[in-house]
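One structure below.
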Amino acid sequence: MDRLRHEGLGMTSQRTRNRLIQRLREEGISNEEVLDVMASTPRHLLLDEALAIRAYEDTALPIGYGQTISQPYIVARMTELLLSRAKSLHRVLEVGTGSGYQTAILSRLVEQLYSVERVQPLLEKARKCLTELGHHNIEYKLSNGGFGWPEKGPYDAILAAAAPAVVPDELRQQLAPNGVLVIPVGSEQQYLTMVTRRQDSDQFDVEKLEAVRFVPLLSGVVR
């Protein structure tokens with residue numbers, strides 16, 4: 001990976017990243033651990049070079065195949081929620097590797113991360129980039145994300161970066177006792193939703209938090 005591109009110049013510089021972090025603080029993100037990780041994560045390396053100049057805008061950007069790299073505020077918000085509610089972060093599942101941006105943030109904050117993606121070219125590109133950046137606590141799988149990765153569960157926390165119409169029961173059942181799922185839910189109108197398993201029972205508490213806009217959670221894989 002080109003050294004200058006890695007370090008960032010101009011619109012991809014550390015100063016530009018710091019302006020984004022200040023904006024996230026102003027928008028209500030308060031977890032300093034999350035903000036520190038985001039400040040040191042090179043989002044521009046996870047985008048096509050043509051879009052790298054926009055990497056530190058607080059906006060979602062296209063990554064191909066009808067997918068987007070999530071808006072930094074949403075990445076920070078979902079990660080902050082996960083850290084504030086999960087009792088443990090030993091085993092965490094991410095649904096929707098995408099560009100690898102959310103993956104990179106989570107990787108620095110959890111012990112072991114499992115990430116599933118349904119679009120093979122996106123998965124391979126993200127895996128290559130994240131490995132080069134030194135993220136070695138991640139296992140990847142090409143899979144229909146709504147089904148999760150039951151063989152590696154149960155999970156202390158699950159984060160989903162695509163919106164189903166309703167919370168998939170398969171994901172709820174992969175939560176460990178007191179496990180937490182953060183997921184956008186809805187079709188016409190989506191809401192960021194938190195699902196918490198009550199101890200080791202089949203009862204779940206559901207909180208609808210705020211309106212969001214994500215790509216839909218689709219079935220099948222794209223090779």
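The values are calculated or read from the model by the stated rules, or taken from the named source; none is laboratory data. Worth saying up front: this structure is predicted, and the values here are computed from it rather than measured. Glycine also receives a Cβ, built like all others from the backbone with ideal geometry; neighbour counts cover every protein chain displayed. Calculation scope for accessible area: heavy atoms of the full protein, side chains included, ligands and nucleic acids excluded. Shrake-Rupley method; radii C 1.70, N 1.55, O 1.52, S 1.80 Å.
With a point put 7 Å past each Cα toward its Cβ, work out how far L142 is from S187 in nm, to one decimal.
Label at L142, label at S187, 2.9 nm between them.
How long is the gain from A39 to S219 if the chain were fully straight, where each residue apart is worth 0.36 nm and the alpha carbon distance is subtracted?
Extra length from A39 to S219 when fully extended: 61.4 nm.
Could you check the spin-label model distance between E151 and S30? Points 7 Å from the Cα along Cα→Cβ, value in nm.
4.3
Quick one: length gained pulling E49 to Q22 fully straight, 0.36 nm per residue minus the C-alpha distance? Mind showing how you got there, number by number?
Working: separation 27, 0.36 × 27 = 9.72 nm, distance 2.46 nm.
Full extension from E49 to Q22 adds 7.3 nm.
May I ask you to list, by number, the DSSP H helices of the chain whose Cα span along the axis is at least 15 Å and whose average Kyte-Doolittle hydropathy reaches -1.0 or more? Show your work: numbers first, answer last.
Numbers: long enough: 14-26 (18 Å, -1.93); 72-85 (20 Å, 0.49); 120-132 (18 Å, -0.72).
Both cut-offs are met by 72-85, 120-132.
So how do R17, R198 rank on accessible area, 1.4 Å probe, biggest first, that is with the largest at the start?
Working: R17 15, R198 110 Å².
If we order R17, R198 from most to least accessible, we get R198, R17.
In what order, largest first, do T68, T196 sit by accessible area if the probe radius is 1.4 Å?
I get T68, T196, largest accessible area first.
Sequence-distant or interchain residues sharing an amide H contact under 5 Å with E57, placed H: which?
HN-HN under 5 Å from E57: empty list.
How much of the DSSP bridge set in segment 64-177 is antiparallel, in percent, rounded to the nearest 5?
DSSP beta bridges in segment 64-177 are roughly 5 percent antiparallel.
Taking 0.36 nm per residue of sequence separation and subtracting the Cα-Cα distance, how much length would be gained by fully extending the chain between E124 and Q112, in nm to one decimal?
Working: separation 12, 0.36 × 12 = 4.32 nm, distance 1.91 nm.
So the chain would gain 2.4 nm between E124 and Q112.
So, with +1 on the Cβ of K and R and -1 on the Cβ of D and E, and no other charges, what is the size of the charge dipole of the chain about its Cα centre, to the nearest 20 debye? Intermediate values should be presented prior to the final figure.
On the way: 26 positive and 28 negative charges, 72 e Å.
About 340 debye.
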